[in-house]
1. Report every pair of residues separated by at least 6 positions or lying on different chains whose Cβ atoms are under 6 Å apart, first residue within segment 104-130 and more than 14 Å from residue 90 (Cα to Cα), second part of a helix (DSSP H, G or I) and modelled with pLDDT of 75 or more.
2. Looking at the structure I just gave you, is residue 66 at pLDDT 90 or above, buried (at least 19 other Cβ atoms within 10 Å of the Cβ), touching a strand residue (DSSP E or B) at 6+ places or on another chain (Cβ under 8 Å) and closer than 25 Å to residue 122 by Cβ?
3. Mind listing whichever residues of segment 57-88 are assigned to a loop (DSSP other than H, G, I, E, B) and more than 17 Å from residue 40 (Cβ to Cβ)?
4. Being in contact (Cβ under 8 Å) with a residue 24 or more places away in the chain and over 20 Å from residue 132 (Cα atoms) narrows it down to one residue among 64, 45; which is it?
């Protein structure tokens, strides 16, 4: 089992305020993992492709928003799950969208968990803190 500190958390979120709030509350949840933030799916995909060609395997977990410019979260999820090198990366959807059709689509594409962002600040902060507690307990595969 991998220790959680070797897992890099990738936050893919176009709102810098949400991204910082997510990181802050993951830290409050006890997560000390490296965290990298990207503003759209294309940036995250470019990073993942560069890492998959690196000689040292890296373990990553994606926290993915859906509504972003350039490449949205559903597009990125679809690409990841069709790529033999990247399909095993755990993907947690963390978005304000709670439409059942989008939830169903994300699960059918292969997301591991779908967490709607609560609208209220305190509930959102608490939800991300709890997510950080959970992430600290899981092991993830490396990018091959």
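The values are calculated or read from the model by the stated rules, or taken from the named source; none is laboratory data. Given the structure is predicted, the values throughout are model-derived calculations rather than measurements. Positions of Cβ are generated from backbone atoms using ideal geometry, with glycine treated the same way; all protein chains shown enter the neighbour counts.
1. 125/25; 128/22; 128/25; 129/25; 129/28
2. Taking the combined requirement at face value, the residue satisfies it.
3. 57, 58, 83, 84, 85, 87, 88
4. Checking each option against the conditions leaves just 45.
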